[in-house]
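Here is the structure we will look at.
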Amino acid sequence: MNNDLIVGFSGNITRPSSTRRFVDSVTQSLAAQAGLPHAVFDVEDLGPSLATARSIDDLDPAARKVIQTIVDAEALVIGSPTYKGSYTGLFKHVFDLLDPASLRGKPIILTATGGGERHSLVVEHQLRPLFAFFEAFVLPTAIYASSRDFTDGQPSPLILGRVNQALAEASVLVKARARADAIAAE
Ligand SMILES: Cc1cc2nc3c(=O)[nH]c(=O)nc-3n(C[C@H](O)[C@H](O)[C@H](O)COP(=O)(O)O)c2cc1C
């Protein structure tokens, strides 16, 4: 975990994507707060080798590089569109390729978008257990936004409030990690 990057990853499988746009905006805010650079990727960035890959080694070099950037991130902002009450299938496939220990202790902000309010607990009942499996430091505040929460692509004040709450939680963790890294380097 030391590329000093805040990385966003979105599970959208089509573009343009409201999820990617939202992940991008939260990632930029977290990076600005931490004083670190950022990068954002989505499933499309992994290209055609993803769907047929049965292990990381089956991915083409560009896709492997994206995965490595995610694994090495200082902190992650994760998002997926809600598909059939859950994250997208290819989003899950990306994480199925990872070593179970590869995200251990990683600070993660969870987000999701959906067509309505019905599946707003997707962040709690689908995304949170996945990253609990990876023993990541998932922040208590997860953000779900439906299409009604965006006007001209901009999130509503209510959603921005949730984002700020998650950012405040993240600042505690990112500072603690920086302290731990400094102690380890002494
Ligand atoms: C195949 C498919 C399944 C979907 N299933 C749900 C769903 O179960 N619940 C929901 O709220 N929205 C559902 N949606 C709507 C998307 O979650 C919503 O439009 C999302 O914000 C799209 O994000 P994107 O622009 O990043 O692709 C579905 C859309 C598609 C294409």
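The values are calculated or read from the model by the stated rules, or taken from the named source; none is laboratory data. Model, not experiment: these values are computed from the prediction. Glycine gets a Cβ as well: all are built from the backbone with ideal geometry, and neighbour counts include every protein chain shown.
Scanning the stretch 47-65 for residues that are touching a Leu at 6+ places or on another chain (Cβ under 8 Å) and buried (at least 16 other Cβ atoms within 10 Å of the Cβ) yields a count of 4. Filtering the stretch 71-106 to residues that are free of Cβ contacts under 8 Å to residues at least 12 places away in the same chain and within 15 Å of the ligand (Cβ to nearest atom) leaves Tyr83, Lys84, Gly89.
Test Arg118 against the criterion of being assigned to a helix (DSSP H, G or I) and over 13 Å from the mean Cα position of the chain (by Cα), and give yes or no. It is false that Arg118 is assigned to a helix (DSSP H, G or I) and over 13 Å from the mean Cα position of the chain (by Cα). For the stretch 107-145, the set of residues classified as of a type in the set (S, T, N, Q) and away from the ligand (no atom under 16 Å from the Cβ) consists of Thr141 only. Residue by residue through the stretch 148-169, note down the ones that are touching a helix residue (DSSP H, G or I) at 6+ places or on another chain (Cβ under 6 Å) and either of a type in the set (Val, Ile, Thr) or closer than 16 Å to Leu36 by Cα (or both). Listed by number, the residues that qualify are Ile159, Val163, Leu167.
Residues to consider are Ala180, Ala101, Ala145, Ala168; find the one that is at pLDDT 95 or above, part of a helix (DSSP H, G or I) and not acidic (Asp, Glu).
Values: Ala180 fails: at pLDDT 95 or above; Ala101 fails: part of a helix (DSSP H, G or I); Ala145 fails: part of a helix (DSSP H, G or I).
Ala168 is the lone residue from the list that is at pLDDT 95 or above, part of a helix (DSSP H, G or I) and not acidic (Asp, Glu).
For (1) within 16 Å of the ligand (Cβ to nearest atom); (2) part of a helix (DSSP H, G or I); (3) among the hydroxyl-bearing types (Ser, Thr, Tyr); (4) surrounded by 22 or more Cβ atoms within 10 Å (Cβ to Cβ), each residue gets a yes or a no:
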residue: Asn12; (1), (2), (3), (4): yes, no, no, yes
residue: Ser25; (1), (2), (3), (4): yes, yes, yes, no
residue: Gln28; (1), (2), (3), (4): no, yes, no, no
residue: Asp45; (1), (2), (3), (4): yes, yes, no, no
residue: Gln68; (1), (2), (3), (4): no, yes, no, no
